[in-house]
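Reviewing the structure listed below.
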Amino acid sequence: MPNLDWYMRASLRPRHLQLLTALDDVRHVGRVAASLNVSQPAVSKTLAELEKGLGVKLFERTARGVHPTIYGESLIRHARSVLAELTLARDDLRGLMSGAAGSVSVGTLSAAALTLLPQSLALLKKRSPGTTVLVREGSIESLLPDLWSGKLDLIVGRLPNDQSMHGLGEKILSDDAVTLVSGVDHPLTRRKRLRWSDLQAYPWVLPPVDTLLREPLERAFEHHGLPMPANRIETLSVQIIRAYLQLSEAIAFLAGDVSKHFKKLGLIAVLPLQLPNVLRPVGMTWHRQRPLSPSAKLMMHCLEEAARPSRQRRGPSNPGNETTVTP
């Protein structure tokens with residue numbers, strides 16, 4: 001173990017980490033050598049030196065290529081995190097050298113992309129025009145790995161389920177309920193009251209399987225004795241949902257703030273059916289073990305401020321799982 005400690009502190013270099021992640025991505029020594037513009041023997045030699053210095057076998061060699069051992073998988077996971085941090089440090093230095101005031105990378109889900117996040121970005125830019133913000137929209141399943149690896153500073157949207165939150169911090173921003181929506185000319189918009197059985201005759205737009213929204217909605221259908229709609233499309237894209245509702249008699253679920261936004265524009269109608277509060281609230285999620293940059297803290301503070309009027313209208317919620325971030 002003393003040799004391992006010494007080697008990690010004194011001899012492990014970024015080029016070693018780059019080699020490990022490249023081998024994990026490609027799983028072939030020859031192709032990795034070509035991608036790094038070095039010889040194949042040089043790759044094999046560097047890998048052998050790493051394994052000797054660390055005292056463990058990192059990759060199994062086979063006729064089909066290389067595959068990481070449990071030691072390799074562990075080191076590769078940390079290598080990706082370190083390389084991501086170095087990339088962020090480089091970007092911050094470049095920004096400071098060019099006169100910018102730092103950078104922050106934000107992942108967003110559709111529940112926050114239309115109203116909450118744009119309002120927060122406007123607040124941030126008023127206070128720090130030189131701060132660069134990278135925004136990536138996606139599902140929680142696609143964004144969480146980048147949060148773990150350090151490619152994202154935080155995620156804004158429907159909070160993930162508790163089992164996904166180990167090692168992550170969260171802050172509730174909005175107790176945004178789900179609404180049932182359709183196109184403005186849909187036959188059901190003329191009804192004052194609806195029952196779940198009234199919805200069976202129409203096509204649907206549903207969130208895809210294995211997304212945050214899908215399982216609670218499946219339980220709601222089951223609770224009301226209805227099968228999952230056979231005539232359906234599956235997407236999380238708010239713009240596709242909105243456009244499809246205008247062109248069909250389909251029905252969909254949308255977050256309350258999103259449906260309110262499109263209703264004001266006369267693009268959709270909210271149907272008169274009370275829905276159970278089956279989803280976790282909208283909020284922000286970050287990595288507890290990674291220090292937050294000043295730009296990330298400012299972004300989070302702006303998110304809290306932008307969400308405040310909405311939360312005041314709805315009244316206080318249970319603050320038990322909330323963590324306040326001070327800029």
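Just a few scattered comments:
- The angle separating the long axis of helix 116-127 from the principal Cα axis of greatest extent in the chain is about 60 degrees.
- Its relative contact order, with pairs defined as Cα atoms under 8 Å and 6+ residues apart, puts the stretch 97-211 at 29 percent.
- Where trypsin sites (Lys or Arg not before Pro) fall in DSSP loop in the stretch 151-238, at most 16 other Cβ within 10 Å: R191, K192, R193, R195
- Under the convention that each Lys and Arg Cβ holds +1 and each Asp and Glu Cβ holds -1, the size of the dipole of the chain around its Cα centre is about 580 debye.
- Degrees separating the helix 238-247 axis from the principal Cα axis of the chain, which is the longest one: 40 degrees
- Whether the stretch 15-110 is rounded, prolate or oblate, judged on the alpha carbon gyration tensor where a/c under 1.5 counts as rounded: prolate
- Placing unit charges on the Cβ atoms only, positive for Lys and Arg and negative for Asp and Glu, gives the stretch 1-117 a dipole magnitude near 340 debye about its Cα centre.
- For the stretch 176-291, size of Cβ-based charge dipole, Lys and Arg +1, Asp and Glu -1, in debye: 400 debye
- Positive-end ranking of A269, H28, V178 along the dipole of the chain, with charges on Cβ about the Cα centre, is headed by A269.
- Counting Lys and Arg as +1 and Asp and Glu as -1 over every other residue whose Cβ lies under 10 Å from the Cβ of A296, the net charge comes to +1.
- Across the chain, the relative contact order, built from alpha-carbon pairs under 8 Å that are at least six residues apart, equals 21 percent.
- Most simply put, the chain has about 60% antiparallel DSSP beta bridges, counting only bridges with both residues inside it.
- With a cut-off of 14 Å between beta carbons, the residues surrounding V135 carry a summed charge of 0, where Lys and Arg count +1 and Asp and Glu -1.
- Cα-based Lys pair tally, the stretch 145-296, threshold under 28 Å, eight or more apart or on separate chains: 6
- For E60, net neighbour charge (Lys/Arg +1, Asp/Glu -1) across residues whose Cβ lies under 13 Å away: +1
- In terms of packing, defined here as the mean over residues of other Cβ atoms within 10 angstrom, the peptides 241-254, 122-135 line up highest first as 241-254, 122-135.
- Percent accessible area from carbon and sulfur atoms, the chain, protein chains only, probe 1.4 Å: 54 percent
- Taking a ≥ b ≥ c as the square roots of the eigenvalues of the Cα gyration tensor, the chain is classed as prolate, since a/c reaches at least 1.5 and a/b is larger than b/c.
- The C-alpha atoms of the chain define a longest principal axis, and helix 214-223 lies at about 40 degrees to it.
- With the charge dipole of the chain set up from +1 on Lys and Arg Cβ and -1 on Asp and Glu Cβ about the Cα centre, the Cα lying farthest toward the positive end among the listed residues L254, I233, Y202 is that of L254.
The values are calculated or read from the model by the stated rules, or taken from the named source; none is laboratory data. Small disclaimer: the values here were computed from a predicted structure and weren't measured. Note: ideal-geometry Cβ built from the backbone for every residue, glycine included; neighbour counts use all protein chains shown. With ligands, DNA and RNA removed, areas are computed over all heavy atoms of the protein, side chains included. Shrake-Rupley method; radii C 1.70, N 1.55, O 1.52, S 1.80 Å.
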